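Just so it is clear, none of the values below were taken in a lab; they were calculated from the coordinates. If you're wondering where the values come from, they're calculated on a predicted model, not measured in any experiment. In this analysis, Cβ positions are derived from the backbone assuming ideal geometry, glycine residues included, and neighbour counts consider all displayed protein chains.
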Amino acid sequence: MKTNIIPAIRLTLVSVLFFSGIYTLIVLGIAQLAPNKGKGDIVMQNGKTYYTNIGQSFTQDQYFYSRPSAVNYNAAGSGGSNKSIGNEVYLGEVTARIDSFLVHNPDVKKSDIPSDLMTASGSGLDPNISIEAAKIQIKRIANIRKMREETVSQLIDQQVEKPMMGMFGTKKINVLKLNLALDQLNKNLK
């Protein structure tokens with residue numbers, strides 16, 4: 001028994017030292033090489049600081065809606081709902097989202113609503129929506145902001161982020177960046 005306890009204690013001490021000290025410093029060092037030194041993708045506008053890499057709630061009709069969040073957009077507790085499509089509570093939530101969307105977008109058919117506007121992502125903090133999810137909201141936003149639909153559509157096209165290295169992922173749009181650009185465009189048109 002003594003022959004096993006001493007090596008186990010040594011391994012525990014080495015592991016604690018490595019994972020609480022050395023490994024942490026290695027990760028911190030790598031983060032310093034990242035843009036903004038690992039503090040996230042930050043955008044400043046009108047004296048305010050925004051983090052574009054974390055999903056944020058946009059529910060006002062004058063803005064593009066963001067993807068729903070299973071964690072209420074709380075970056076401290078990322079996670080999905082883990083509820084299946086057979087879960088009655090989850091189906092109720094999705095049905096309520098669909099009904100609300102249709103009330104605010106009466107010209108849209110239920111079958112045309114992209115799924116990313118009704119279902120939360122695996123992290124609950126996805127800052128992006130699909131191009132289709134943005135385009136289906138054009139009419140509502142153009143009407144409220146008294147803009148031409150073509151102008152809003154062009155803004156969407158300008159905000160499209162292409163897949164990484166042209167092949168990893170899909171085209172997407174960061175909702176925060178799109179809404180900030182929309183505010184700026186609206187301000188410039190007045």
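Hey, how many Å between the Cα centroid of segment 1-73 and the Cα centroid of segment 89-139? Distance between centres, Cα-based: 28 Å.
Quick check on packing: order 164-171, 54-61, 125-132, 80-87 by the mean number of other C-beta atoms within 10 Å, highest mean leading. Mind showing how you got there, number by number?
On the way: 164-171: 8.6, 54-61: 15.6, 125-132: 19.8, 80-87: 11.4.
Most protected by this proxy first, the peptides run 125-132, 54-61, 80-87, 164-171.
For the pair Tyr23 and Ser57, the difference between a 0.36 nm per residue extended length and the Cα-Cα distance amounts to 8.8 nm. Within the listed set Gly40, Gly92, Gly124, the residue fluctuating most in the Gaussian network model of the chain (springs between alpha-carbon atoms under 10 angstrom) is Gly92. Ranking of Glu88, Glu149, Glu93 by neighbouring Cβ atoms within 10 Å, starting from the fewest: Glu88, Glu149, Glu93.
One decimal place: the segment Thr49-Leu185 gains 47.1 nm when fully extended, by the rule 0.36 nm per residue minus the C-alpha distance.
Computed from label points 7 Å out along Cα-Cβ, the spacing between Ala142 and Ala75 is 3.4 nm. Taking 0.36 nm per residue of separation and subtracting the current Cα-Cα distance, fully stretching the chain between Thr95 and Ile5 would add 26.6 nm. The HN-Hα couplings worked out from phi for segment 43-50 by the Karplus form 6.51 cos²θ - 1.76 cosθ + 1.60 (θ = phi - 60°) are 10, 10, 8, 6, x, 10, 9, 10 Hz, whole numbers, x standing for Gly and Pro.
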